[in-house]
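The values are calculated or read from the model by the stated rules, or taken from the named source; none is laboratory data. Computed from a predicted model, the values in this text were never measured in an experiment. Note that each Cβ is placed from the backbone with ideal geometry, even for glycine, and that neighbours are counted across all protein chains shown.
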Amino acid sequence: MPKKESIFHYFEHIFGISMPFYVDKILYEKEKYQTHVYVEYNKALTFTSSCCKEEGCQIKSAHPRTWRALDIVNNQTYIHINLPSVKCKKCGKTQDIDVPWARKASNFTLEYEQKMVAYAESMSMSANSKTLEESD
């Protein structure tokens with residue numbers, strides 16, 4: 001297995017990115033201490049609607065979306081995708097699809113949220129914000 005492929009699979013594993021999604025590109029910004037993980041999907045596929053859980057819904061549009069993820073080697077890490085919206089075949093609503101690494105409408109991955117909760121239980125909000133490098 002080529003080295004490039006193995007690091008992509010590693011990122012998919014640690015962030016819970018699973019089919020039909022896959023890591024397409026990873027950019028490291030040394031000066032900013034940031035890692036950007038770009039996720040793609042097969043645009044010919046159909047998806048399950050988030051409202052009625054109706055399968056086989058066609059992509060109607062997509063828009064850029066970013067989530068803050070757990071730091072990797074002291075680098076702030078972000079997951080980016082051009083998030084598809086589908087039209088539900090059952091109710092007709094057009095909504096963003098659900099992704100396996102984050103809750104709907106959250107700006108953080110599931111693991112990052114768990115870390116925030118754990119810190120919130122053990123330290124003040126300002127200490128928590130400083131530790132996570134996020135504003136309180």
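Pairing residues of region 51-77 that are touching a residue at least 24 places away in the same chain (Cβ under 8 Å) with residues that are among the acidic types (Asp, Glu) and not in a strand (DSSP E or B), at Cβ distances under 8 Å and at least 6 apart in sequence or on separate chains, gives Arg68/Glu134; Ala69/Glu111; Leu70/Glu111; Gln76/Glu133. Residues in region 9-50 that are in contact (Cβ under 8 Å) with a residue 60 or more places away in the chain and loosely packed, with under 14 Cβ neighbours inside 10 Å: Ser18 alone. Name the single residue, out of those in region 84-111 being among the small types (Gly, Ala, Ser) and in a loop (DSSP other than H, G, I, E, B), that is farthest from Thr66 (Cα to Cα). So the residue we want is Gly92. Checked against the criteria, Ala102 does not count as closer than 17 Å to Tyr10 by Cα, surrounded by 13 or more Cβ atoms within 10 Å (Cβ to Cβ) and small (Gly, Ala, Ser). Looking only at region 51-77, residues that are in contact with a Phe, Trp or Tyr (Cβ under 8 Å, 6 or more places away or on another chain) and surrounded by 15 or more Cβ atoms within 10 Å (Cβ to Cβ) come to 8 in all.
If Lys30 satisfies every condition in (1) farther than 17 Å from Asn74 by Cα; (2) at pLDDT 90 or above but one, which is the exception? Going through (1) farther than 17 Å from Asn74 by Cα; (2) at pLDDT 90 or above one by one, Lys30 breaks only (1).
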